[in-house]
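The values are calculated or read from the model by the stated rules, or taken from the named source; none is laboratory data. Everything numeric here is computed off the predicted structure, so don't read it as measured data. Positions of Cβ are generated from backbone atoms using ideal geometry, with glycine treated the same way; all protein chains shown enter the neighbour counts. The accessibility values were calculated without ligands, DNA or RNA, using every heavy atom of the protein model including side chains. Shrake-Rupley method; radii C 1.70, N 1.55, O 1.52, S 1.80 Å.
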Amino acid sequence: MYATLLTSIDNGILTITINRPDKMNALNQQVFADLNHVLENEVIKPEVRSVILTGAGPKAFVAGADISEFSSLDQQAATSLSISGQDTFFKIENNAKPIVAAVNGFALGGGCELAMACHFRIASSNAKFGQPEVNLGLVPGYGGTQRLVQLIGKGKALELLMSAQMLSAADALSWGLVNYVVEPEALLPKAIEILTLINTKAPLAVAGCITAANAAMDESKNGYLLEANLFGAAFNTADRIEGTTAFLEKRAAKFEGK
Ligand code: COA
């Protein structure tokens, strides 16, 4: 039981719902504590194969960091808050299990940053994306300046960052920020459909894809070398033997994540 999250698991898919609908699911420190706990204690469970992250209620995925917690911060505390929020989002981005954002409304500020830390995003038709921090005299602090550039390119990212304008779901789709836009009632079913497919694949290979794709965004890493090493390591797995054998025997593979 979490103060700010709802969790449920069905068919290997853990759904995490940020549950502060009266505050547009804004990210206060309790949400971060709960997210860290669920990432460290629930997502790692063997029965969890993949994760959906969404927001409670019909209006918001997450409308940002909780602005009411900002008034007491000085420069040092704000820097620490940013680094600690970034750490939580790195746990999502670098997670070995696929984590998909099902964006069911406003994804603003930290909400847009949280969605971008997920491995990919699906939006409902009423979703709106934006980084409105400049309206508050702030810059994004949970990785938004970095991941927005990575996902939609520097020119479009800077326009959004500097103007604070909101992007509709349709524009988010055409700008490449989300993979699909569906009607609100189809949002979770679409996420479940995609993750159900991914859950039939070899878990260690799926994790390797996440690691390698993340390296493409990290200048400190040699992504090609990392890919070669992951490719080589895959040959040492039982799942590789099962996958190639099943193909040759013209049957579905049964992967065990070993
Ligand atoms: N932090 C704290 N509280 C927030 C919040 C945030 N980021 N976003 C919304 N809320 C709260 C509101 O204060 C309000 O609380 P109240 O009922 O106790 O007054 C409640 O959520 C509902 O929000 P409200 O603004 O009344 O809803 P709306 O439908 O008129 O507008 C938004 C929705 C999302 C456009 C608007 O809430 C908003 O602009 N939020 C801030 C977005 C932002 O700047 N995020 C970046 C933060 S760094």
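Residues that are in contact (Cβ under 8 Å) with a residue 24 or more places away in the chain and open to solvent by 60 Å² or more (accessible area, probe 1.4 Å) were ranked within region 172-196; the one that is nearest to Ala215 (Cα to Cα) is Asn179. If the condition is being among the polar types (S, T, N, Q), assigned to a helix (DSSP H, G or I) and in contact with a Ser or Thr (Cβ under 9 Å, 6 or more places away or on another chain), then region 197-228 contributes no residue at all.
Considering region 38-81, and only residues there that are acidic (Asp, Glu) and not in a helix (DSSP H, G or I), the residue that is nearest to Ala107 (Cα to Cα) turns out to be Asp66. Selection over region 125-161 of residues that are over 21 Å from Gly57 (Cβ atoms) and more than 15 Å from the ligand (Cβ to nearest atom) gives a count of 13.
Residues that are within 15 Å of the ligand (Cβ to nearest atom) number at least 3 in the following strands (runs of 3 or more DSSP E) confined to region 82-124: 106-108.
In the set (1) modelled with pLDDT under 95; (2) in the same structural domain as Lys45 (by TED's automatic domain parsing), Ser174 fails one condition alone, (1). Check Phe247, Phe255, Phe231 and return the single one that is more than 30 Å from Asn126 (Cβ to Cβ) and in a loop (DSSP other than H, G, I, E, B). Exactly one residue qualifies, and that residue is Phe255. Would you be able to tell me the number of residues in region 197-220 that are at pLDDT below 95 and surrounded by 13 or more Cβ atoms within 10 Å (Cβ to Cβ)? Final tally of qualifying residues: 1.
Scan region 139-159 for residues that are in a loop (DSSP other than H, G, I, E, B) and touching a residue at least 60 places away in the same chain (Cβ under 8 Å) and the total you get is 2.
Quick test for you: out of Leu167, Leu148, pick the one residue that is open to solvent by less than 60 Å² (accessible area, probe 1.4 Å) and touching a Phe, Trp or Tyr at 6+ places or on another chain (Cβ under 7 Å).
Leu167
Taken together, the residues in region 50-66 that are surrounded by 15 or more Cβ atoms within 10 Å (Cβ to Cβ) and out of contact with any strand residue (DSSP E or B) (no Cβ under 7 Å at 6 or more places or on another chain) amount to 1. Per the conditions (1) touching a residue at least 24 places away in the same chain (Cβ under 8 Å); (2) over 16 Å from the mean Cα position of the chain (by Cα), the sole criterion not satisfied by Val31 is (2). Please go through region 15-30 and pick out each residue that is within 13 Å of the ligand (Cβ to nearest atom) and either touching a strand residue (DSSP E or B) at 6+ places or on another chain (Cβ under 6 Å) or assigned to a loop (DSSP other than H, G, I, E, B) (or both). Residues satisfying the conditions are Ile18, Arg20, Met24, Asn25, Ala26, Leu27, Asn28.
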